[in-house]
1. Please report the net charge: other residues with Cβ closer than 11 Å to the Cβ of F8, K and R +1, D and E -1.
2. Which value, in Å² and to the nearest 10, is the accessible area of E29 when all protein chains are kept and the probe is 1.4 Å?
3. Taking a 1.4 Å probe, which of F8, F36 shows the most accessible area, and what order do the others take after it?
4. Got a number for the accessible area of L19? Probe 1.4 Å, square angstrom, nearest 10.
5. Could you calculate the FRET efficiency of R9 with A52 from 1/(1 + (r/R0)^6), where r is the beta carbon distance between them and R0 is 35 Å, rounded to 0.05?
6. In nm, to one decimal, how far is the E42 label point from the A25 one, both placed 7 Å along Cα→Cβ?
Amino acid sequence: MNMNCLEFRREKLADPRRLSREALAHIGECAACRGFAIEVNENEERIAAALAASSPMTLFIATSTKSVA
(Lines give C-alpha, C1' and ligand atoms only; values in the text may rest on other atoms or scores of the structure.)
Protein backbone atom coordinates (compact mmCIF):
# COMPACT_ATOMS: atom_id res chain seq x y z
CA MET A 1 0.00 0.00 0.00
CA ASN A 2 1.31 3.44 -0.89
CA MET A 3 0.76 5.97 1.84
CA ASN A 4 -0.27 9.51 0.94
CA CYS A 5 0.78 12.68 2.75
CA LEU A 6 -2.44 13.02 4.76
CA GLU A 7 -2.18 9.47 6.03
CA PHE A 8 1.45 10.03 6.95
CA ARG A 9 0.71 13.19 8.90
CA ARG A 10 -2.12 11.54 10.79
CA GLU A 11 0.12 8.63 11.74
CA LYS A 12 3.04 10.87 12.72
CA LEU A 13 0.86 13.05 14.94
CA ALA A 14 -0.91 10.07 16.51
CA ASP A 15 2.36 8.51 17.69
CA PRO A 16 5.36 10.71 16.91
CA ARG A 17 7.96 8.20 18.10
CA ARG A 18 6.80 5.20 16.06
CA LEU A 19 6.23 4.92 12.35
CA SER A 20 5.01 2.01 10.28
CA ARG A 21 7.05 0.60 7.43
CA GLU A 22 4.74 2.37 5.02
CA ALA A 23 5.33 5.71 6.75
CA LEU A 24 9.10 5.22 6.73
CA ALA A 25 8.95 4.41 3.03
CA HIS A 26 6.84 7.50 2.42
CA ILE A 27 9.30 9.91 4.07
CA GLY A 28 12.03 8.31 2.01
CA GLU A 29 10.21 9.52 -1.08
CA CYS A 30 8.46 12.71 0.07
CA ALA A 31 10.56 15.74 1.03
CA ALA A 32 7.53 17.63 2.38
CA CYS A 33 6.61 14.88 4.82
CA ARG A 34 10.26 14.37 5.76
CA GLY A 35 10.37 18.06 6.73
CA PHE A 36 7.09 17.68 8.61
CA ALA A 37 8.51 14.70 10.53
CA ILE A 38 11.62 16.69 11.46
CA GLU A 39 9.44 19.55 12.71
CA VAL A 40 7.29 17.20 14.81
CA ASN A 41 10.42 15.55 16.27
CA GLU A 42 11.87 18.95 17.19
CA ASN A 43 8.60 19.95 18.87
CA GLU A 44 8.54 16.67 20.80
CA GLU A 45 12.08 17.37 22.02
CA ARG A 46 11.07 20.88 23.13
CA ILE A 47 8.07 19.52 25.01
CA ALA A 48 10.20 16.86 26.73
CA ALA A 49 12.78 19.48 27.73
CA ALA A 50 10.09 21.79 29.09
CA LEU A 51 8.55 18.99 31.14
CA ALA A 52 11.96 17.98 32.50
CA ALA A 53 12.80 21.51 33.63
CA SER A 54 12.22 22.25 37.27
CA SER A 55 9.80 25.00 38.04
CA PRO A 56 10.42 27.41 40.94
CA MET A 57 7.57 25.79 42.88
CA THR A 58 9.08 22.32 42.42
CA LEU A 59 12.41 23.59 43.68
CA PHE A 60 10.73 25.24 46.67
CA ILE A 61 8.89 22.05 47.61
CA ALA A 62 12.00 19.92 47.18
CA THR A 63 14.15 22.17 49.34
CA SER A 64 11.54 22.93 52.01
CA THR A 65 10.68 19.30 52.69
CA LYS A 66 14.25 18.17 53.39
CA SER A 67 15.00 17.66 57.04
CA VAL A 68 17.64 19.81 58.60
CA ALA A 69 20.20 17.87 60.67
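The values are calculated or read from the model by the stated rules, or taken from the named source; none is laboratory data. Model, not experiment: these values are computed from the prediction. In this analysis, Cβ positions are derived from the backbone assuming ideal geometry, glycine residues included, and neighbour counts consider all displayed protein chains. Just so you know, the surface numbers come from the protein's heavy atoms only, side chains and all, with ligands and any DNA or RNA stripped out. Shrake-Rupley method; radii C 1.70, N 1.55, O 1.52, S 1.80 Å.
1. Values: positive: R9, R10, K12, R34; negative: E7, E11, E22, E29.
Here the charged neighbours net out to 0.
2. Solvent-accessible area, nearest 10 Å²: 150 Å².
3. Descending accessible area places them as F36, F8.
4. About 50 Å², rounded to the nearest 10.
5. My answer for the efficiency is 0.85.
6. A separation of 2.9 nm, rounded to one decimal place.
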